[in-house]
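The values are calculated or read from the model by the stated rules, or taken from the named source; none is laboratory data. Predicted model only: the values in this text are computed from it and were never measured. Don't worry about glycine lacking a Cβ; one is built from the backbone with ideal geometry, like all the others, and counts go over all protein chains shown.
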């Protein structure tokens, strides 16, 4: 990742991380695994994983998106602020499935 997208991703991570502790308790531990900023800085895609109910975590984060967008605009002070999108990080679930398969083969 180049320098500017990495800097923007860092700011996005900081803004989104502030609301993660407010996720419903049924979500368990919710974390941001990766932030991808598009080449034209129009989107910042946040990959999310949760130890509990990921669907509840995603709906909570989507409900907070407008406020997060405003906070991001205040921190970045750019002409075009990236739109924050949330996606489920499938890598965590895939890794847990592989671990379970490996434990079953022993």
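Find the residue count for segment 29-69, including only residues that are free of Cβ contacts under 8 Å to residues at least 40 places away in the same chain and part of a strand (DSSP E or B).
So the count comes out to 6.
Return the only residue of 49, 63 being modelled with pLDDT of 90 or more and surrounded by 13 or more Cβ atoms within 10 Å (Cβ to Cβ).
49
Can you tell me which residue within segment 1-21, out of those that are in a helix (DSSP H, G or I), within 15 Å of residue 65 (Cβ to Cβ) and in contact (Cβ under 8 Å) with a residue 40 or more places away in the chain, is nearest to the chain's Cα centre (by Cα)?
This residue is 16.
Scan segment 83-106 for residues that are part of a loop (DSSP other than H, G, I, E, B) and under 25 Å from residue 56 (Cβ atoms) and jot them down.
89
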